[in-house]
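Reading through the structure tokens given below for one structure.
Each reported figure results from applying straightforward, stated rules to the coordinates on display, with no laboratory input. From a predicted model like this one, the values you see are computed outputs, not experimental measurements. Cβ placement follows ideal geometry from the backbone for every residue including glycine, while neighbour counts extend to all protein chains displayed.
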Amino acid sequence: MSKSKSDKDYDVAADRDLYSGLIRLHVLHHAVEEPVFGLGMMEELARHGYRISPGSLYPLLQGLEKKGYLRSTQQRNGKSLRRVYRATPLGRKALAAAKHKVRELFHELIEDD
């Protein structure tokens, strides 16, 4: 089956809003496992194909903190301070609920193929 022009020209970045929830879950997942910081999360997300700028990631982290899913502290890193985020009990609970929903969706997506 040949690809149409629209398939060839498809730009994943155009659907960034589609993936924004997945990025939030990814961040929360890592914050449950260990403390995370902005640059480290940008590198981790890039390993999974997500390109996110500091101008997008830091507001995302701050939003998760404002909702009570993350808590941040400042840690000294050499001469500079680094803001480090950890999951809160609410964040852990939210991630557990989200895992259930993602598992359901994954099964539906795979079954439809």
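Any chance you could run the full-extension gain for Phe106 through Lys66? It's 0.36 nm times the residue separation minus the Cα-Cα distance, nm to one decimal.
This chain segment gains 11.5 nm when fully extended.
Which stretch or stretches of the range 45-61 have amide N atoms under 16 Å from the point lying 7 Å from Glu33's Cα along the Cα→Cβ direction?
Flagged as within label range: 45-50.
When you take every Cα atom in the range 15-112, what is the radius of gyration, and what is Dmax, the widest Cα pair distance, in Å?
When restricted to the Cα atoms of the range 15-112, Rg and Dmax are 14.3, 53 Å.
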